[in-house]
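Each reported figure results from applying straightforward, stated rules to the coordinates on display, with no laboratory input. Keep in mind that what you see is a predicted model, and the values were worked out from it rather than measured. Cβ coordinates were reconstructed from backbone atoms using ideal geometry, including for glycine residues, and neighbour counts include every protein chain displayed.
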Amino acid sequence: MTTEYEKPTLKEEDLGHFRGTSQYYRYPVPWVPFLYTDGVQYVVSKGDAYWILDLIGSWQGEKEVKGDSMLQQIQFWTLTVNEDRTAEMKCERDSGDVAVVQKIKLTDFPLPRIRFYLCHMFCYWEFSGEGPRRNENYGVLTLPSER
């Protein structure tokens, strides 16, 4: 018996029911210094898009982000997918106040647009290193409805 791989499906209408989270997830790579919520887990698993965590995480140590005190409080990340399947991931301090932009040459992410909030990154950078890092020593990536 042969089974064909079915690409996970993600629909925008599925995201509205996420309010808060029942648990926090930790992505097992060192450049992702934040935890993420049930809603984000749903997006990256159903959208086959764990690369979004890599992308956002990889910017956290860069001077454009790490050196910006506003972005240590909150970051607004928006992925916009174009009709030709190219995309752009943008980090803003506030609406229209763009800190970084990353172009994506090709993606199969199923939604035309999605937004994430990353907050409390100062908790990660201010950790003294005494003892193991606990959940409160990380930033948290959420969907807007989970805030």
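Odds and ends about this structure:
- Matching residues, segment 124-147, being of a type in the set (A, V, I, L, M, F, W, C) and in contact with a strand residue (DSSP E or B) (Cβ under 6 Å, 6 or more places away or on another chain): V140, L141
- Matching residues, segment 11-26, being in contact with a strand residue (DSSP E or B) (Cβ under 7 Å, 6 or more places away or on another chain) and surrounded by 19 or more Cβ atoms within 10 Å (Cβ to Cβ): none
- Residues of segment 36-63 classified as hydroxyl-bearing (S, T, Y), touching a residue at least 24 places away in the same chain (Cβ under 8 Å) and in a loop (DSSP other than H, G, I, E, B), total: 1
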